[in-house]
Amino acid sequence: MTTRPYSSVWSDLAPLPFSQGYLQAGPYRTRYLHAGGEDKPVLLMLHGITGHAEAYVRNLAAHAEHFSVWAIDFIGHGWSDKPDHPLEIPHYLDQVEHVLDALGARKAYFTGESLGGWVTAKFAQTRPGRVDRIVLNTMGGTMANPQVMERLYTLSMEAAKDPSWERVKARLEWLMADPSMVTDDLIRTRQAIFQQPGWLEACKANMALQDLETRKRNMVTDDDLRAIAAPALVLWTTKDPSGPVDEARRIASLIPDAQLAVMENCGHWPQYEDTATFNGIHLDFLLAR
């Protein structure tokens, strides 16, 4: 394991003019991190399952030079509202649409990791007029691997039942190619979320997509991918725990206007694990004309 200098969520954010707060997005109180002038085009950053806006703390500064960047907590996640029912893709799509409405944005750029990529793909397919360009970062929703689903469910529910340091650490380490990327500060940030009253029930709700039958009715089909009109970047990694690079190639081959980028030696959070490489690939695509 690599020994790394201590890093902090705060050290990523402190040099950056940013705000943290809550939007009333339709019925959903939605927590956000925001950076960048509001005269710039909107870029929504959407995290993965049981995640939160801090997944993007290392990306806000570079992107805020060009965009009004909003990293949000999905409903049932982070510090956003926790609905008392199983959460499926249409619920997240509804929240995202209300977020755009609350921001007064007719359309936006999207980048989504894992669950966030799943939601981004479905949003682009079903609401094409509200999407400019999209990035699908180790996206979920095209595969239903029982072993991956079981591992993710077990790690998440164990941490929800007992949000101890070690269990939260184990859940975060699943994301990284190199477990030493999981800092004490990142563990404490997620532990605070997992220690909220009612988190166990919230985690059960957001784990609904790990149930095979529920997942099947929410999956992104090949026809869904073929229907995406927006320019898309499918970004994958060589050590992603959710699926192989071949799946990324397949996804990119089905979206009419897609390109593929593969990052080396990263897991499920390339935007955090190799920020400089990610930001370069990401901005080259988002700013292309």
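The values are calculated or read from the model by the stated rules, or taken from the named source; none is laboratory data. Since this is a predicted model, take the numbers as computed values, not measurements. Note: ideal-geometry Cβ built from the backbone for every residue, glycine included; neighbour counts use all protein chains shown. Ligands, DNA and RNA are excluded from the accessible area calculation, which covers all protein heavy atoms including side chains. Shrake-Rupley method; radii C 1.70, N 1.55, O 1.52, S 1.80 Å.
Summary of computed values
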| item | result |
| --- | --- |
| Subset of the range 80-92 [under 15 Å from residue 27 (Cα atoms), of a type outside the set (D, E, K, R) and open to solvent by 10 Å² or more (accessible area, probe 1.4 Å)] | 83, 85, 90, 91 |
| Lone qualifier among 30, 50 - being at pLDDT below 95 and either open to solvent by less than 10 Å² (accessible area, probe 1.4 Å) or farther than 18 Å from residue 210 by Cβ (or both) | 50 |
| Tally of residues being more than 24 Å from residue 175 (Cα to Cα) and either among the aliphatic types (A, V, I, L, M) or in contact with a Cys (Cβ under 6 Å, 6 or more places away or on another chain) (or both) across the range 227-262 | 7 |
| Looking only at the range 234-289, and only at residues there that are acidic (Asp, Glu) and touching a residue at least 40 places away in the same chain (Cβ under 8 Å), the one that is surrounded by the fewest Cβ atoms within 10 Å (Cβ to Cβ) | 247 |
| Number of the condition not met by residue 38 [criteria: (1) open to solvent by 10 Å² or more (accessible area, probe 1.4 Å); (2) closer than 23 Å to residue 168 by Cβ; (3) at pLDDT below 95] | (2) |
| Which numbered condition residue 173 fails, given (1) over 26 Å from residue 81 (Cβ atoms); (2) open to solvent by 30 Å² or more (accessible area, probe 1.4 Å); (3) in contact with a Lys or Arg (Cβ under 8 Å, 6 or more places away or on another chain) | (3) |
| Any hit, the range 129-141, residues being over 21 Å from residue 234 (Cβ atoms) and touching a residue at least 12 places away in the same chain (Cβ under 8 Å) | yes |
| Tabulated pairs, the range 151-166, first farther than 16 Å from residue 209 by Cα, second open to solvent by 70 Å² or more (accessible area, probe 1.4 Å), C-beta under 7 angstrom, 6+ apart or interchain | 158/167; 159/167; 163/195 |
| Every residue from the range 192-231 that is within 29 Å of residue 5 (Cα to Cα), open to solvent by 20 Å² or more (accessible area, probe 1.4 Å) and in contact (Cβ under 8 Å) with a residue 12 or more places away in the chain | 195 |
| Of residues in the range 1-57 being assigned to a loop (DSSP other than H, G, I, E, B) and of a type in the set (D, E, K, R), the one nearest to residue 199 (Cα to Cα) | 4 |
| Qualifying positions in the range 53-75 - among the hydrophobic types (A, V, I, L, M, F, W, C) and open to solvent by 10 Å² or more (accessible area, probe 1.4 Å) | 61, 62, 64, 70 |
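Residues are listed down the side, and each one gets a yes or a no for (1) assigned to a strand (DSSP E or B); (2) in contact with a helix residue (DSSP H, G or I) (Cβ under 7 Å, 6 or more places away or on another chain); (3) open to solvent by 50 Å² or more (accessible area, probe 1.4 Å); (4) at positive phi:
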| site | (1), (2), (3), (4) |
| --- | --- |
| 77 | no, yes, no, no |
| 99 | no, no, no, no |
| 118 | no, yes, no, no |
| 123 | no, yes, no, no |
| 134 | yes, yes, no, no |
| 144 | no, yes, no, no |
| 148 | no, no, no, no |
| 159 | no, yes, no, no |
